[in-house]
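Remarks on the structure that follows.
Please treat every number below as a calculation from the coordinates, not as lab data. Since the model is a prediction, treat every value here as computed from it, not as a measurement. Cβ sites come from the backbone with ideal geometry, for glycine too, and all protein chains shown count toward neighbours.
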Amino acid sequence: MKKRLIIALLAVVGLSMNGVLAQEDRGFEIAKNLEIFSAVYKTLNQNYVDDVDPGKTIKVAIDAMLASLDPYTNYYPESQMEDVKMQLLGQYGGVGAMIVQRGDSVYISEPYKGLPAAEAGIKAGDRIVAVDGQSTEGKKTPDVSAAMRGQAGTDVLLRIERAGKEFDVTVKRREIKLPNVPYYGYVGRGHDYGYIKLDEFTTDAAKNVREAFVKLKEGKPGMRGVILDLRGNGGGLMNEAVDIVNIWVPKGTLVVETKGKVASKNTKSYTRMAPEDTEIPVAVLIDGNSASASEIVSGSLQDLDRAVIIGQRSYGKGLVQNILPMNYNSQMKVTVSKYYIPSGRCIQAIDYSHRDKNGRALKVPDSLKTAYKTKGGRTVYDGFGIEPDVEVEPEYMSNLGIALAQKFLVFDYATDYYRSHKEIAAAGDFEIDDALYADFCRYLKEKKLSYSTVTERIIKQLREVAKEERYDTAIASQLKAMEAALEHEKEGDLKKHREEVCEMLKGEILTRYYYDEGRIEGALKGDKVVLRAIEELGSKGEKRQ
């Protein structure tokens, strides 16, 4: 007995010594490589033919080091603190407008409702000629955006060109906080269902979603269900996600758990308030760009069997980042843990610790995916994001739609339309009628719209290959016939893709009159995912009765 105890103690001591030695080896490796890095930089600085910018060079080195880990671990020098603030809080000092690059010029694509640019009379389609006397010609959107941003309360002078005329506008910058809930309202034939669009999980996202839900219920006491739209929502603050889940599940429910290297920092997040409604049917809409906090909300509501998830598989980001202060007012966003939703699954889809020979991170293989059970006993899987309960095939833009967007033809037509029409119908009632669509088709003819299809590109490649292999003469007539047939088909594209083009036109025109909220409201009638959600919620409501 004593002998076995001595052996066990020696084994424990041995393991402890191994751990100490491993830590010492790791410490030595870190110190050695830091010394090597320092020596490399000093040698460069002393011997390189040109002057080496220390700030720029070291930032490149840091970025390359962090890129070898994952895309979410980033270093931010003091000069980028406004960007960090924007990411976390949805706030920045500026004029409140979205801008877009067109060739060598920068244009206003959308001024935000109620913010300085809109209040100063700046419109979508305005070209920004200069900012504070500095020409914008040839500059990129990040440079122009940086020039327009600044301390709240300060003025910025914008030189604007509109319809061939230039004029100056002085805009007083404000602390800009973009609305994380740009729209909420009712959908369905009888307007029996609530709809809430959430763009980002920034500060007060849960408060705003809760308030929207309460107002919808008060406005329609017999509301039959609610739709939370998280499509395109890349995530944000985890606590906001937990509090949003809390709107529809009881206090004290586990929503998400984080696990990382430092065990003392592992957390379990429970709902902490009384819910608003634990019975009303809930649908959550997701797509391939719904990530992080969006996946906490959709995944936990799925695991708790509290909502039906509709759309396409989500992005699969199960990594948690913390912002850590660094020297000289810089900061680092560091991946510190993974999150796990109520069933116990982690939905991280990419394994950044394993890469192929080209350095690309690998997706979690199917063989390593594990089955879990929801609260009600349904089977769900980890390793590839949140799989919807009801899948709706995504719709892709046609070649015509892509060309119209890339060439800004819908954008420019909407700008001209706005300048010649003082008012239009309400956002929920406005439609593209036959006369308006015919006018747009005439506009495209004047602009001599041209675009190539995938089929045309393949025919061109085939012609080139045939020429190399000396078959070009033999198949010349067939190729010409194919090109002629394709050109004939393209002439009918405006008719064939009318529904798609009308939606593009409708959205752009509504944005001119009613801003982003008008565009969202106008799109709901024809939104196939929303319509499917209404159908699902309706069937769930019938089962409850």
- Quick calc, the stretch 339-417, dipole around Cα centre from Cβ unit charges on Lys, Arg (+) and Asp, Glu (-), nearest 20 debye, gives 560 debye
- Note on the structure: Rounded to the angstrom and largest first, Cα extents along the principal axes for the stretch 182-270 equal 52, 27, 18
- Query: So for the pair GLN134, ASN47, with labels modelled 7 Å out along Cα→Cβ, what separation do we get in nm?
  - Reply: 3.8 nm
- Rounded to the nearest 500, the 222 nm mean residue ellipticity computed for the chain from DSSP H runs (n ≥ 4, each -39500 (n - 2.57)) alone is -14000 deg cm²/dmol
- When the charge dipole of the stretch 399-531 is computed with +1 on Lys and Arg Cβ and -1 on Asp and Glu Cβ about the Cα centre, the Cα farthest towards its positive end, among TYR437, TYR418, ILE459, belongs to ILE459
- Note on the structure: Given Cβ charges of +1 for Lys and Arg and -1 for Asp and Glu, the option among ILE534, VAL49, TYR328 whose Cα lies farthest towards the positive end of the dipole of the chain is TYR328
- Item | Relative packing of 371-383, 93-105, which averages over residues the other C-beta atoms within 10 Å, highest first | 93-105, 371-383
- Task: With viscosity set to 1.002 mPa s and temperature to 20 °C, compute the Stokes-Einstein D of the stretch 135-214, Rh being the Kirkwood radius across alpha carbon pairs; µm²/s, no decimals.
- Result: 131 µm²/s
- Message: Only bridges whose two residues both fall in the stretch 220-296 count here: according to DSSP, what percent of them are antiparallel, nearest 5?
- Response: 50 percent
- Length-normalised contact order of the chain, Cα under 8 Å, at least 6 apart, in percent, tallies to 11 percent
- Query: Cα-based Rg of the stretch 91-177 per 2.2 N^0.38 Å, rounded to two decimals?
  - Reply: 0.96
- Message: Counting each pair of different Cα atoms once, what's the Kirkwood radius of the stretch 35-81 in Å, rounded to one decimal?
- Response: 12.1 Å
- Query: For the stretch 512-521, in order, what is each residue's ³J(HN,Hα) by Karplus, 6.51 cos²θ - 1.76 cosθ + 1.60 with θ = phi - 60°, in whole Hz (x at glycine and Pro)?
  - Reply: 5, 9, 10, 6, 5, 5, x, 4, 5, 4
- Item | Stretchable slack from ARG26 to ASP83, in nm (0.36 nm times residue separation minus alpha-carbon distance) | 17.1 nm
- Note on the structure: Within the chain, the percent of DSSP beta bridges that are antiparallel, given to the nearest 5, stands at 75 percent
- Message: Using the Cα atoms of the stretch 183-394, I'd like the radius of gyration and the largest Cα-Cα distance, Dmax, both in angstrom.
- Response: 17.6, 59
- Task: Work out how much length ALA39 to LYS448 would gain on full extension: take 0.36 nm times their residue separation and subtract the Cα-Cα distance, in nm to one decimal.
- Result: 141.2 nm
- Message: Over 24 Å between Cα atoms: which of LYS165/LYS447; LYS113/LYS506; LYS207/LYS369 fall into that group?
- Response: LYS207/LYS369
- Query: Roughly how large, in nm² to one decimal, is the mean projection of the convex hull of the alpha-carbon atoms in the stretch 399-531?
  - Reply: 10.1 nm²
- Query: Which angle from 0 to 90°, rounded to the nearest 10, does the C-alpha axis of helix 205-219 make with the longest principal axis of the chain?
  - Reply: 50 degrees
- Item | Stokes-Einstein translational diffusion, the stretch 207-329 - Kirkwood Rh over all Cα pairs, 1.567 mPa s, 4 °C, in µm²/s | 84 µm²/s
- Cα to Cα, under 25 Å, and not fewer than 8 places away if on the same chain: which lysines meet these conditions relative to LYS363? LYS259, LYS261, LYS317, LYS333, LYS338, LYS373
- Kindly rank 291-303, 353-365, 408-420 from highest to lowest mean number of other beta carbons found within 10 Å of each residue. 291-303, 408-420, 353-365
- Message: Could you tell me how many cubic angstrom of Cα convex hull volume the chain has per residue?
- Response: 269 Å³
- Query: Once you charge only the Cβ atoms, +1 for Lys and Arg and -1 for Asp and Glu, what is the size of the charge dipole of the chain about its Cα centre, to the nearest 20 debye?
  - Reply: 1700 debye
- Query: Can you give the Kirkwood hydrodynamic radius of the stretch 302-376 from its Cα pairs, in Å with one decimal?
  - Reply: 15.2 Å
- Item | Quarter of Cα convex hull surface for the stretch 103-255, i.e. mean projection, nm² | 12.5 nm²
- For the stretch 91-177, the dipole about the Cα centre with charges only on Cβ (Lys and Arg +1, Asp and Glu -1), to the nearest 20 debye, works out at 240 debye
- Note on the structure: Relative contact order as a percentage, the stretch 155-239, C-alpha pairs under 8 Å and 6+ apart, gives 25 percent
- Calculate how many DSSP beta bridges within the stretch 139-289 are antiparallel, expressed in % of all such bridges and rounded to the nearest 5. 65 percent
